[in-house]
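J.: One structure follows; several queries about it will come next.
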Amino acid sequence: MRRAIVIGLDCAPPRILYRELASELEVLGEIIGDGARYVLKSCHPPITIPAWAVMATGKTPGELGMYGFRHRRHGSYQDIYIANSSMLKEEPIWVRLGRMGIRSIIVGVPPSYPPKPIRGYLISDFLTPDHMKPYTWPPQLRSELERLFGPYMFDVVYRSEERDRIIKEVWEMTKQHFRVLRYLVTTKKWGFLWFVEIGVDRIHHAFWRYWDKEHPRYVPGSIYGDVIPEYYRLINREVGKLVKSIPKDTIIFITSDHGVKAMKGAFTINQWLIEKGYLKLKRKPEKQGVDLKPEIIDWEHTIAWAWGGYYSRVFINVRGREPKGIVPPDKVSSVITDLKEELLKLRGPSGEQWKNQVYTPEELYPVVRGDPPDLMVYLDDLSWRAAGTIGWPELYLSRNDKGPDDAVHDWYGVFTVYDPENTIEPGDKGLIEIVNVARVMEKLIIGSF
């Protein structure tokens with residue numbers, strides 16, 4: 001029986017793995033060079049959640065009812081909830097494999113907290129509050145791992161000026177993750193392994209402007225200029241040790257959930273809505289960077305408000321849906337049309353043309369479940385982040401409004417398939433949609449058993 005592993009590198013772009021660092025990464029470079037290489041097109045939105053869930057299930061975010069980390073429950077201004085495994089109603093690939101008798105090891109694949117029973121072993125993802133919470137299946141695996149490796153590290157605080165601390169903690173976390181993986185593959189019975197290393201994403205966001213010479217705030221000659229290449233070398237070494245711990249005929253997938261690029265700045269979307277008359281406040285903010293809290297909004301005169309992030313979610317204050325909604329249901333479509341038209345016309349701070357995209361969920365997905373926004377807005381093809389805070393003196397910020405962050409997400413990630421028995425023709429295979437990855441994986445894995 002042949003096995004398969006999925007090496008998930010959150011946020012890894014083709015630019016790094018396929019081109020600029022490929023020759024320096026001996027293990028990853030060999031796997032990718034001898035594999036079938038695809039450029040992965042992420043989902044709408046290209047964010048860790050829902051992207052990994054889309055990949056694992058073969059379902060769109062609309063079908064999953066996942067539109068990011070946060071969600072606003074319709075009918076409320078304040079009922080905000082964070083995505084977790086209980087929202088995942090569609091079956092991921094390891095559940096389907098489990099019915100065929102194939103045991104899996106699943107580590108850090110979002111969203112997997114709280115842990116669900118599977119045929120095999122599971123460690124939950126970076127949304128796990130801390131190691132004091134149940135985070136494994138079976139439950140007793142937790143004490144087994146902590147006895148050998150100490151408290152499990154799920155994530156680090158990366159939006160910080162403490163860059164030396166970030167480096168130390170990401171290195172420590174990544175090394176621990178791979179020690180745990182090597183232990184699991186050598187002591188447990190398994191046929192399928194899927195892990196996601198979140199450290200890749202954290203290093204990108206914390207250090208991108210020190211490495212990317214095209215970044216508008218690139219820092220030449222910085223002591224942090226080699227952090228990103230050094231981290232990929234660490235990943236390369238750890239993957240090498242992991243590959244030596246598994247059977248030589250194991251099928252290997254290397255994939256990311258989305259890509260990365262320089263953040264040009266942040267656009268204060270709610271201030272723009274205020275200027276345009278869509279959003280009214282009870283009082284002016286007392287300082288810069290104030291969160292837009294429900295209690296400061298004049299709901300009786302507000303048509304729309306927004307959330308910030310790598311993309312912006314815009315909500316219409318609909319009569320009969322929101323507690324103090326004012327937009328009649330039969331006028332919602334015209335409000336959306338007007339908003340889309342104005343958002344698509346937005347330009348940069350110097351009047352430069354932006355490549356904006358604005359959609360209703362119904363335009364993107366065959367099915368829309370859960371609590372979607374009314375509009376999904378991508379500013380300048382994701383190059384500009386949306387700032388949801390208010391009180392700024394201008395619409396354009398040079399930096400993130402929620403702490404240091406050098407990067408934004410990009411649509412394009414990586415997906416490579418390598419079969420050491422040469423059943424897959426190597427080479428560049430073009431584009432693959434993230435929603436189709438599970439089907440490709442499943443076909444190859446089932447055919448190998």
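The values are calculated or read from the model by the stated rules, or taken from the named source; none is laboratory data. Computed from a predicted model, the values in this text were never measured in an experiment. With ideal geometry, Cβ positions are generated from the backbone for all residues, glycine too; neighbour counts draw on all protein chains shown. We work out accessible area using only protein heavy atoms, side chains counted, and drop any ligands, DNA or RNA first. Shrake-Rupley method; radii C 1.70, N 1.55, O 1.52, S 1.80 Å.
J.: Please list, by residue number, every one of the trypsin sites (Lys or Arg not before Pro) in segment 86-164 that is coil in DSSP and has at most 15 other beta-carbon atoms within 10 Å.
T.: Within segment 86-164, the qualifying trypsin sites (Lys or Arg not before Pro) (loop, at most 15 other Cβ atoms within 10 Å) are LYS89, ARG159.
J.: Sticking with this structure for a sec: Can you send over the carbon and sulfur percentage of the accessible area for segment 296-449, probe radius 1.4 Å, protein chains only?
T.: On segment 296-449, the fraction of accessible area on carbon and sulfur atoms equals 50 percent.
J.: Show me, for segment 371-384, the HN-Hα J-couplings you get by feeding each phi into the Karplus relation (A = 6.51, B = -1.76, C = 1.60, θ = phi - 60°), rounded to Hz, glycine and proline as x.
T.: 10, x, x, 7, 9, 10, 10, 10, 8, 6, 6, 6, 6, 10
J.: Which entries of LYS168/LYS293; LYS244/LYS443; LYS213/LYS355; LYS133/LYS168; LYS282/LYS331; LYS213/LYS340 have Cα-Cα distances beyond 27 Å here?
T.: With Cα atoms farther than 27 Å apart: LYS168/LYS293; LYS213/LYS340.
J.: Quick check: Cα centre of segment 48-109 to Cα centre of segment 326-387, how many Å?
T.: Using only Cα atoms to place each centre, the spacing works out to 24 Å.
J.: In segment 19-133, carbon and sulfur make up what percent of the accessible area (probe 1.4 Å)?
T.: Solvent-exposed carbon and sulfur of segment 19-133 make up 48 percent of the total.
J.: Given axes a ≥ b ≥ c from the Cα gyration tensor, I'd like to know whether segment 53-137 is rounded (a/c under 1.5), prolate (a/b larger than b/c) or oblate.
T.: Verdict is oblate for segment 53-137.
J.: Please work out the Kirkwood hydrodynamic radius for segment 165-324, using every pair of different C-alpha atoms, and report it in angstroms with one decimal place.
T.: For segment 165-324, the Kirkwood estimate is 20.1 Å.
J.: Which whole-number percent gives the relative contact order of the chain, counting Cα pairs below 8 Å spaced six or more residues apart?
T.: So the answer I get is 29 percent.
J.: Indicate the helices, whole DSSP H runs only, in the chain that combine a mean Kyte-Doolittle hydropathy of 1.6 or more with a Cα extent along their long axis of 24 angstrom or more.
T.: Helix filter hits for the chain: none.
J.: Put a dot 7 Å past each Cα toward the Cβ at GLN78 and GLU24; how far apart are the dots in nm?
T.: In this crude label model, GLU24 to GLN78 measures out at 5.0 nm.
J.: Only one of the listed values, (1) 82, 59, 45; (2) 64, 51, 43; (3) 89, 50, 38, was derived from the coordinates as Cα extents along the principal axes in Å; which label is it?
T.: Here the calculated entry is (2).
J.: Kindly write out, for segment 133-140 in residue order, the coupling ³J(HN,Hα) from the Karplus curve 6.51 cos²θ - 1.76 cosθ + 1.60 (θ = phi - 60°), rounded to whole Hz, with x marking Gly and Pro.
T.: 8, x, 9, 10, 10, x, x, 6
J.: May I pose another question? Using the heavy atoms of the protein chains and a 1.4 angstrom probe, tell me the accessible area per residue for segment 147-234 in square angstrom.
T.: The answer is 40 Å² per residue.
J.: Note down the magnitude of the dipole of segment 80-151 about its Cα centre, charges +1 on Lys and Arg C-beta and -1 on Asp and Glu C-beta and zero elsewhere, to the nearest 20 debye.
T.: So the dipole magnitude of segment 80-151 works out to roughly 280 debye.
J.: Still on this structure, please answer the following. With the contact rule set at Cα under 8 Å and sequence spacing of 6 or more, what percent relative contact order holds for segment 303-403?
T.: 31
J.: Here is a follow-up. Within segment 292-355, list the GluC sites (Glu not before Pro) lying in a DSSP loop whose Cβ has at most 12 other Cβ atoms in a 10 Å radius.
T.: GLU352
J.: With each label point set 7 Å from Cα along the Cα-Cβ vector, what nm distance links LYS287 and LEU148?
T.: 4.8
J.: Further question on the same structure: Kindly state, to the nearest 0.05, the FRET efficiency for ASP381 paired with GLU425, given R0 = 35 Å and r defined as their beta-carbon distance.
T.: 0.60
J.: Would you pull out the residues with amide H under 5 Å of TRP392's amide H, same chain only if 5 or more places away, H placed 1.01 Å from N?
T.: Hits under the 5 Å cutoff: GLY289.
J.: While we're here: Treat every Asp and Glu Cβ in the chain as -1 and every Lys and Arg Cβ as +1, leave all other atoms uncharged, and give the resulting dipole magnitude about the Cα centre to the nearest 20 debye.
T.: In total the dipole reaches around 980 debye.
J.: Ordered by packing density, taken as the mean number of other Cβ atoms within 10 Å over each peptide's residues, highest first, how do 51-59, 187-195, 130-138 rank?
T.: Highest mean packing first, the order is 51-59, 187-195, 130-138.
J.: Can you pull the one-decimal nm distance between simple spin-label points at GLU300 and LYS168, each 7 Å off the Cα toward Cβ?
T.: Distance between the two pseudo-spin positions: 5.5 nm.
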